[in-house]
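Data first, discussion second: the structure below is written as structure tokens.
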Amino acid sequence: MMIGLFSCGSDDKHLNPPNIVLINIDDMGWNDVSFMGSEYYDTPHIDALADQGLVFTQGYAASANCAPSRASIHSGKWTTRHQIYTVANSDRGKASDRKLIPIKNTTVLDKKFTTLSQKLKQNGYTTCHSGKWHLSNDPLEYSFDLNIAGGPQGAPGSYYFPFGNKKKQIKVENGKSKYLTDLIMEKTLLFLEDVNGPFFLNYSPYAVHTPIHPVDSLLYKYENKPPYKGQKNPKYATMVENLDRNIGLMVDKLKKRKLFDNTFIIFTSDNGGYYGKITMQKPLRAGKGSYYEGGIRVPFFFVWKNKISPGKNTQTYISHLDIFPTLMHLSGDDSMKNNLDGRSLLPLLAQNQVVEERPFFWHFPIYLQGYDIKDNENRDSLFRTRPGSLIRKGDWKLHYYFEDHGIELYNLKDDISERNNLAEIQVDKREELVDELKAWWEKTDAPIPTTINPLYAPRLN
């Protein structure tokens with residue numbers, strides 16, 4: 001199969017294979033960037049990059065929080081296969097509020113899985129991980145040639161040097177910069193300055209995850225700026241803008257070395273934004289940790305100069321699970337073709353071919369406590385997530401909860417905010433999607449929690 005000037009068959013080798021940059025921001029909400037509509041955050045460099053690529057307004061994270069989402073990107077697998085469902089333990093929140101014993105969580109990506117970096121290294125790519133890893137102690141164990149600041153930590157103790165205490169300190173070689181996001185980019189630019197031949201850069205800054213440590217020199221821009229749809233945190237806004245500036249530096253380096261034109265760039269976030277006092281994704285409901293749209297719909301675009309036509313796709317829903325097969329297709333490697341849970345988007349990106357409709361699934365047999373009981377858009381204010389599963393197919397999205405077998409059904413085309421539950425009205429659609437969800441459980445050996453928690457003591461209303 002030919003894509004532009006490049007052969008995508010397994011028996012052919014690219015004469016000039018494209019470089020690959022995967023930009024995976026931490027906790028950046030669906031519209032925490034101005035190209036997605038925000039009038040509060042300033043992201044001119046990301047916007048300029050998005051203007052050169054194809055933006056998907058229905059792009060989904062593989063999970064509503066970071067570790068499982070990243071595990072799915074790098075393994076190409078549903079969470080039911082790698083069984084990383086959350087960060088640390090799966091029984092978060094008060095024991096007396098948890099009706100079921102949750103499924104035990106996995107915290108390290110099993111080396112039995114072939115990872116994206118392993119395949120690209122096998123295909124001749126120099127591989128660099130830069131920033132947050134959170135899937136093991138060291139990304140070098142997964143075929144990265146260089147590791148900049150990656151380790152088991154999900155967040156820094158501080159964004160200012162020395163970046164936290166021993167428990168949460170990020171290990172990164174000292175440089176000129178004293179702010180973590182700046183220092184990670186400083187080291188990343190050194191990699192881009194020296195690398196020769198095709199490379200894969202997994203750029204995954206800790207920003208804009210908590211703690212919210214502002215860039216003081218930018219605060220003046222936001223302290224008196226009018227809020228936009230609930231976005232009003234000046235300190236968080238400075239972190240967003242600083243991240244944007246660093247991405248601009250990376251793009252400038254690629255252009256200076258004449259690498260930009262032959263670099264395939266993906267931009268996304270690992271999950272939705274931190275709902276409430278930090279940011280909001282209106283009109284989407286809820287945020288990080290929730291499986292309403294605000295927790296799993298994320299900014300998502302692809303850039304490849306003269307190969308991908310710029311524009312905005314509002315119809316096709318895509319997933320993090322599509323990244324691995326897309327990059328395998330791009331590199332001319334079909335050895336994983338039948339071993340990944342997503343599909344290649346390259347025909348859509350480079351040839352504007354229509355992607356056949358397919359269902360998406362999420363599975364979270366766990367508990368994840370709520371942040372703020374008084375300001376919460378979840379089904380239950382005590383938890384962002386109670387054990388359950390989801391299916392999205394076409395315009396329809398169904399939530400299934402294991403504690404009470406409760407079902408919510410929404411038509412996202414008409415109700416993007418998930419306010420009008422149609423489960424008792426659209427009965428045929430409900431049953432169709434439940435049947436398909438149950439078939440997926442069986443296909444992927446999805447663990448279903450059923451054991452009653454002896455410490456459960458339901459609250460009286």
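Residue-wise test of (1) closer than 25 Å to Tyr85 by Cα; (2) touching an Asp or Glu at 6+ places or on another chain (Cβ under 9 Å); (3) of a type in the set (Gly, Ala, Ser).
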site: Asn411; (1), (2), (3): no, yes, no
site: Asp414; (1), (2), (3): no, yes, no
site: Gln426; (1), (2), (3): no, no, no
site: Glu431; (1), (2), (3): no, no, no
site: Trp441; (1), (2), (3): yes, no, no
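Criterion applied to Ala62, Ala67 was being in a helix (DSSP H, G or I) and in contact (Cβ under 8 Å) with a residue 24 or more places away in the chain, and the one residue passing it is Ala67. Counting only residues that are in a loop (DSSP other than H, G, I, E, B) and more than 19 Å from Val87 (Cβ to Cβ), the stretch 142-157 holds 3 of them. Condition first: part of a loop (DSSP other than H, G, I, E, B), of a type outside the set (Gly, Ala, Ser) and touching a Leu at 6+ places or on another chain (Cβ under 7 Å). Can you find one or more residues in the stretch 16-29 that meet it? Yes, there is a match, as at least one residue in the stretch 16-29 is part of a loop (DSSP other than H, G, I, E, B), of a type outside the set (Gly, Ala, Ser) and touching a Leu at 6+ places or on another chain (Cβ under 7 Å).
Screening the stretch 184-215 for residues that are touching a residue at least 12 places away in the same chain (Cβ under 8 Å) and in a helix (DSSP H, G or I) and picking the one that is surrounded by the fewest Cβ atoms within 10 Å (Cβ to Cβ) gives Glu193.
Out of all the residues in the stretch 78-98, which are within 17 Å of the chain's Cα centre (by Cα), not in a helix (DSSP H, G or I) and not polar (S, T, N, Q)? Of everything in the stretch 78-98, those that are within 17 Å of the chain's Cα centre (by Cα), not in a helix (DSSP H, G or I) and not polar (S, T, N, Q) turn out to be Trp78, Ile84, Tyr85, Val87.
Quick check on Leu218: is it surrounded by fewer than 24 Cβ atoms within 10 Å (Cβ to Cβ), over 20 Å from the mean Cα position of the chain (by Cα), touching a residue at least 40 places away in the same chain (Cβ under 8 Å) and closer than 19 Å to Pro44 by Cα?
On the way: surrounded by fewer than 24 Cβ atoms within 10 Å (Cβ to Cβ): yes; over 20 Å from the mean Cα position of the chain (by Cα): yes; touching a residue at least 40 places away in the same chain (Cβ under 8 Å): no; closer than 19 Å to Pro44 by Cα: yes.
Judged against the criteria, Leu218 is not a match.
Here Ile366 meets the list (1) assigned by TED's automatic domain parsing to the domain that holds Leu201; (2) in contact with an Asp or Glu (Cβ under 8 Å, 6 or more places away or on another chain) almost entirely, failing just condition (1).
Within the stretch 392-407, residues that are under 13 Å from Tyr291 (Cβ atoms) sit with their Cβ atoms under 6 Å from residues that are among the polar types (S, T, N, Q), at 6+ positions apart or across chains, in these pairs: Tyr400/Ser389.
Within the option set Pro234, Pro299, being under 30 Å from Phe161 (Cβ atoms) and touching a Leu at 6+ places or on another chain (Cβ under 6 Å) holds for one residue only, Pro234.
The values are calculated or read from the model by the stated rules, or taken from the named source; none is laboratory data. All values derive from a computational prediction rather than experimental measurement. When we count neighbours, we look across all protein chains shown, and the Cβ atoms used for this are built from the backbone with ideal geometry, even at glycine.
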